[in-house]
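Heads up, the thing below is written out as structure tokens.
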Amino acid sequence: MNLLALYEQPENVHFLHSRYFVEGCITGACACPEIPLPDTWLPWTIKQHEQVQDNEQADYIFSQLFTYFKQVLGAMKDQQLTLPSYALYNTPENSKALAQYCSGLMLAHQSTEREWAHAWKNMQTQAPSEAPKLSKDLQHCLLVFSTFADPTLAIQQAHARGEKQLEDKLPLIAQSLSSTLKQYVSMSGKLAAYLPNQFETFVQADPKKV
């Protein structure tokens with residue numbers, strides 16, 4: 001489950017952000033408690049609008065992106081979503097791919113903060129006792145994602161706070177990325193439960209039924 005085939009065609013590479021960034025964007029879109037429509041998340045994936053050759057290419061790109069969106073959404077629904085195999089922090093090449101993936105994920109989260117806030121407000125109204133733990137867990141997830149989106153900046157900021165050990169700890173922290181992603185998705189599901197009609201939205205977006 002990835003967009004590799006789409007990026008094997010050079011004409012598509014010029015039109016889109018990197019594969020890793022786009023896969024992170026789409027994962028973040030799928031993880032929003034209120035699942036956004038394609039006209040919301042598609043612009044996040046586009047790098048150069050004028051680079052598309054014709055409607056046929058545009059339709060193909062959209063089809064591939066939407067198929068991936070449905071696959072990710074289905075994996076989340078089935079609790080089978082895993083971190084991409086390239087999302088590692090062990091070589092410069094992998095670290096760059098991981099940074100792009102986390103950057104895409106963070107862009108999606110920042111772009112859907114209003115939807116997260118709406119779900120959060122509903123949760124606080126219906127189950128206020130859940131708020132402290134969910135708040136702590138969400139802050140942890142976003143801190144981890146933002147750290148690996150730009151490790152250099154994270155290290156600089158840690159040094160400014162007098163924390164000198166972050167750089168040495170990053171490989172160990174990276175080992176928790178998979179569980180952090182699962183925790184993030186789980187939190188989204190919990191918040192979605194406090195919203196009306198979200199179950200129907202998940203069913204309609206199920207790749208087995210679209």
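None of the figures in this text is laboratory data; all of them are computed from the coordinates on show. Source: prediction; values computed, not measured. Cβ coordinates were reconstructed from backbone atoms using ideal geometry, including for glycine residues, and neighbour counts include every protein chain displayed.
Side notes on the structure shown:
- Rg over Rh [alpha-carbon atoms, Kirkwood Rh] for the range 41-85: 1.09
- Percent of C-alpha pairs per 5 Å bin, the range 1-125, short to long: 2, 11, 20, 22, 20, 14, 7, 3, 1, 0
- Computed over the Cα atoms of the chain, pair by distinct pair, the Kirkwood hydrodynamic radius stands at 18.0 angstrom.
- Gyration tensor (Cα) of the range 123-164, equivalent ellipsoid semi-axes in angstrom: 30, 11, 6
- In this structure the amide hydrogen of His17, modeled in the peptide plane, comes within under 5 Å of the amide hydrogens of Ile46, Lys47, none closer than 5 places in sequence on its chain.
- Projected label points at Tyr86 and Asp39, each 7 Å from Cα along the beta carbon direction, are separated by 3.1 nanometres.
- Fully extended contour minus Cα-Cα distance, from Leu142 to Gln48, at 0.36 nm per residue: 31.0 nm
- Extension gain, Leu172 back to Tyr60 (0.36 nm per residue minus Cα-Cα distance, nm): 36.3 nm
- Kyte-Doolittle mean at least -1.0, axial Cα span of 24 Å or more - DSSP H helices of the chain: 55-77, 92-111, 131-149
- Selected from Arg114, Arg19, Arg161 as most flexible by GNM, with the chain as the system and alpha-carbon contacts under 10 Å: Arg161
- When the alpha carbon gyration tensor of the range 1-73 is reduced to an equivalent ellipsoid, the three semi-axes, largest first, read 20, 13, 11 Å.
- FRET efficiency, 1/(1 + (r/R0)^6) with R0 35 Å, evaluated for Ala193 and Lys96 via beta carbons: 0.45
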